[in-house]
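Here is the structure we will look at, set down as structure tokens.
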Amino acid sequence: MEKKNIDWGNLGFAYMETDKRYVSYYKDGTWDEGALISDATVTMSECACVLQYAQTCFEGLKAYTTEDGHIVTFRPDLNAERLESSAKRLEMPVFPKDRFIDAVAQVVAANEAYVPPYGSGATLYLRPYMYGKNAVIGVKPADEFEFRIFCTPVGPYFKGGVRPLTLCVSDFDRAAPCGTGHIKGGLNYAMSLHAGVTAHAAGYDENMFLDPKTRTKVEETGGANFLFVTKDNKVVTPKSNSILPSITRRSLVYVAKEYLGLEVEEREVFFDEVKDFAECGLCGTAAVISPVGKIVDHGKEICMPSGMTEMGPVTKKLYETLTGIQMGRIEAPEGWIKVIK
Ligand SMILES: *Cc1c(COP(=O)(O)O)cnc(C)c1O
């Protein structure tokens, strides 16, 4: 398979159209057999439920080349399960897990020429998503849906080296206490855009959202979960029913316990405690872990002891172990790596 002529090391995080995408349509209570298609555009009614009432959810995962030359994905079964819970919460039909995993493999195989080579730092980002497609004007769920997966090659997250982030405590809320913060719905992102643009304009990389009810507990950023390290090397990660269950965070918790022998606490984390932690990181598929160097709460700065130039030592060990597992340099737990080729 001849690779596309792409400057892998200089790719950013931007959409690039690739050759094939997967589509399956749901109508009259069943999903059709699904197919790979070449057309990258979607045509739908001006009154489609997704356009009027935002009935849509998505997933994000990566395919990449391992050290020994295989093309693999990381825990796609968990993306299938999470899409299922998102779909149920948004009154959408479930796309079967086995078909989800198979469709991911089909899309990767059909776009093999776009899978970045080992060592380039780049990966093939996969975006499964589902939306209500038929016309709906009275407020109710659609009854026809489309499930799709496209892929696009993306560059190394830390181009030119790691740069710890500066966060600000947001005045906006990300999710309501009994709302949709725990699902990966487009609606959560639509309402975070203003908070994100506001934070960027003020010179911050990301928002830290607190729990909307009491504004005393740490929730997450717009698209990544928090992981803290205490001064005595305990890993602490916030527990809340309004944060999105990050697959990266859940994997890092396992790695911390089972590979590094660290103590892990998944519990409510009060903002007041943050000043006492030694390290802070954001976890998600895009970067695995981005170190946080500084958190600003209305002018009051919390500077993490790990500083503004590198990852803290525990964060770094977690990062290296998980990326080692993903890239095939360290033996993976049973079922984590799905080999496509
Ligand atoms: C996708 C997402 C994450 C990260 O989840 P991963 O499965 O690790 O990629 C975290 N928070 C939010 C709000 C998200 O949408």
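The values are calculated or read from the model by the stated rules, or taken from the named source; none is laboratory data. Everything numeric in this text was worked out from a predicted model, so none of it was measured. Reconstructed Cβ throughout: ideal geometry from the backbone, glycine too, with neighbour counts over all protein chains shown. Accessible surface is based on the protein model in full, side chains and every heavy atom, while ligands, DNA and RNA are left aside. Shrake-Rupley method; radii C 1.70, N 1.55, O 1.52, S 1.80 Å.
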Legend entry - List TYR157, TYR125, ordered by accessible area with a 1.4 Å probe, largest first: TYR157, TYR125
Inset, instruction - List, largest first, the extents of the alpha carbons of segment 222-341 along their principal axes, each in whole Å. - result: 51, 31, 25
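On average over all directions, what projected area in square nanometres does the chain have, based on the convex hull of its Cα atoms?
Values: hull surface 69.6 nm².
Mean orientational projected area (the chain, Cα hull): 17.4 nm².
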Legend entry - Reach of LYS27 by Cα under 24 Å, taken over lysines that are not fewer than 8 positions away in the same chain: LYS88, LYS97, LYS133, LYS140, LYS184
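How big is the Kirkwood radius of segment 286-341, worked out from every pair of different alpha carbons and given in Å to one decimal?
13.5
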Inset, instruction - Excluding residues fewer than 8 places away in the same chain, name every one of the aspartates and glutamates whose C-alpha is closer than 14 Å to that of LYS4. - result: GLU17, ASP19, GLU112
Inset, instruction - For the chain, give the percent of accessible area contributed by carbon and sulfur heavy atoms, probe 1.4 Å, rounded to a whole number. - result: 51
Legend entry - 19 Å Cα-Cα reach of LYS316 towards lysines, excluding residues that sit fewer than 8 places from it in its own chain: LYS159, LYS231, LYS234, LYS257, LYS294
Legend entry - Computed log₁₀ I(q)/I(0) - Debye formula, equal Cα scatterers, no solvent, segment 147-274, q 0.10, 0.20, 0.23 Å⁻¹: -0.37, -1.32, -1.45
Legend entry - Computed accessible area, CYS303, all protein chains, 1.4 angstrom probe, square angstrom: 80
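Which percent of the Cα-Cα distances in segment 59-166 go past 18 Å?
Working: 3258 of 5778 pairs.
Value for segment 59-166 (Cα pairs over 18 Å): 56 percent.
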Legend entry - Solvent-accessible surface (1.4 angstrom probe) belonging to THR198, in square angstrom, nearest 10: 60
Inset, instruction - Could you grab the relative contact order for segment 59-210? Cα pairs under 8 Å, six or more apart, rounded to a whole percent. - result: 22
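Under a 1.4 angstrom probe, counting protein chains only, how are LEU126, LEU187 ranked by accessible area, largest first? Write out the running numbers ahead of the final one.
Working: LEU126 0, LEU187 55 Å².
These residues rank, largest area first, as LEU187, LEU126.
Add +1 for every Lys or Arg and -1 for every Asp or Glu among the other residues with Cβ under 13 Å from the Cβ of LEU51, and state the total.
Working: positive: LYS133; negative: GLU46, GLU146.
Within the 13 Å Cβ shell, the charges total -1.
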Inset, instruction - For the chain, give the magnitude of the charge dipole about the Cα centre (Cβ charges: +1 Lys/Arg, -1 Asp/Glu; no others), in debye to the nearest 20. - result: 220
Inset, instruction - Equivalent ellipsoid semi-axes for segment 36-79, as square roots of 5 times the alpha carbon gyration tensor eigenvalues: give them largest first, rounded to whole Å. - result: 33, 15, 6
Legend entry - Relative contact order (percent, whole number), the chain, Cα cutoff 8 Å, 6+ residue spacing: 19
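Within the chain, which whole H helices from DSSP have a Cα span along their axis of at least 18 Å and a mean Kyte-Doolittle hydropathy of -1.0 or more, if any? Intermediate values should be presented prior to the final figure.
Working: long enough: 76-89 (20 Å, -1.35); 97-110 (20 Å, 0.59); 313-326 (20 Å, -0.28).
Qualifying helices, which must be both long enough and hydrophobic enough, are 97-110, 313-326.
Cα convex hull of segment 1-124: mean projected area in nm², to one decimal? Could you put the intermediate results ahead of the total?
On the way: hull surface 36.0 nm².
Spelled out: convex hull of the Cα atoms, projected over all directions, averaged, 9.0 nm².
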Inset, instruction - Give the accessible area for HIS298 in Å² (nearest 10); use a 1.4 Å probe, count only protein heavy atoms, and leave out ligands, DNA and RNA. - result: 130
Inset, instruction - Could you do me a favour and compute the accessible area per residue for the chain, 1.4 Å probe, result in Å²? - result: 45
Legend entry - Farthest toward positive dipole pole in the chain [+1 Lys/Arg, -1 Asp/Glu at C-beta], among SER246, PRO93, ALA199: ALA199
